[in-house]
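The values are calculated or read from the model by the stated rules, or taken from the named source; none is laboratory data. These numbers were taken from a predicted model, which means no experiment stands behind them. Positions of Cβ are generated from backbone atoms using ideal geometry, with glycine treated the same way; all protein chains shown enter the neighbour counts.
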Amino acid sequence: MVNLTVNGKPHTYDGDPDMPLLWYVRDDLRLTGTRFGCGAGLCGACTVHVNGQAVRSCQTKMSTLETKTVLTIDALAANGTMHPVQRAWIAHNVPQCGYCQSGQIMSAVALLKATPAPTDADIDRAMTGNICRCGTYQRIRAAIHTAAKERA
């Protein structure tokens with residue numbers, strides 16, 4: 001049995017300890033903002049925060065989450081107010097197909113928490129592994145800079 005908190009609410013999981021967090025979040029909790037991409041932790045579409053750190057939920061086993069706190073894109077906006085990264089994403093028209101965007105946003109939020117005023121190199125390093133098949137990397141970088149300025 002695993003006791004964890006997801007998006008501020010306590011949950012108890014009593015299933016297969018090897019099940020990936022991604023499937024628990026999507027199938028059991030019905031939080032569908034987190035996406036399945038590759039299933040191997042390579043594309044970043046499934047990125048969530050566990051205890052404030054960006055992780056690939058497709059590779060995070062439920063057995064590792066005892067007493068941990070999980071945040072998904074579904075609860076990033078607080079009290080109806082979008083996170084600065086979400087606002088910047090809209091302002092810079094980042095998404096094209098949008099499939100990878102929840103993972104991109106969650107990685108960007110983790111970056112800004114660790115590095116409030118990132119350089120282009122910081123952004124490129126932190127966002128490596130978040131694949132955007134539409135190629136909106138320049139807009140992603142610009143949006144992160146905008147969000148950093150808003151947060152400052």
Only one of (1) at positive phi; (2) at pLDDT 95 or above does not apply to Gly41, and that is (2)
Residues in the stretch 72-82 that are surrounded by fewer than 20 Cβ atoms within 10 Å (Cβ to Cβ) and either among the small types (Gly, Ala, Ser) or under 15 Å from the mean Cα position of the chain (by Cα) (or both) total 7
Just to be sure I understand, how many residues within the stretch 29-66 are assigned to a loop (DSSP other than H, G, I, E, B), of a type outside the set (Asp, Glu) and surrounded by fewer than 20 Cβ atoms within 10 Å (Cβ to Cβ)? 14
Residue that is nearest to Thr12 (Cα to Cα) [pool: residues in the stretch 68-92 that are β-branched (Val, Ile, Thr) and out of contact with any strand residue (DSSP E or B) (no Cβ under 6 Å at 6 or more places or on another chain)]: Ile73
Identity of the residue in the stretch 108-151, in contact with a Pro (Cβ under 7 Å, 6 or more places away or on another chain) and more than 22 Å from Val55 (Cα to Cα), that ends up modelled with the lowest pLDDT: Arg151
If we take the stretch 87-152, then helices (runs of 4 or more DSSP H) inside it with 1 or more residues that are over 19 Å from Arg56 (Cα atoms) and touching a Phe, Trp or Tyr at 6+ places or on another chain (Cβ under 6 Å) are 137-151
Of the residues in the stretch 46-71, those that are small (Gly, Ala, Ser) and more than 22 Å from Leu112 (Cβ to Cβ) come to Ser63
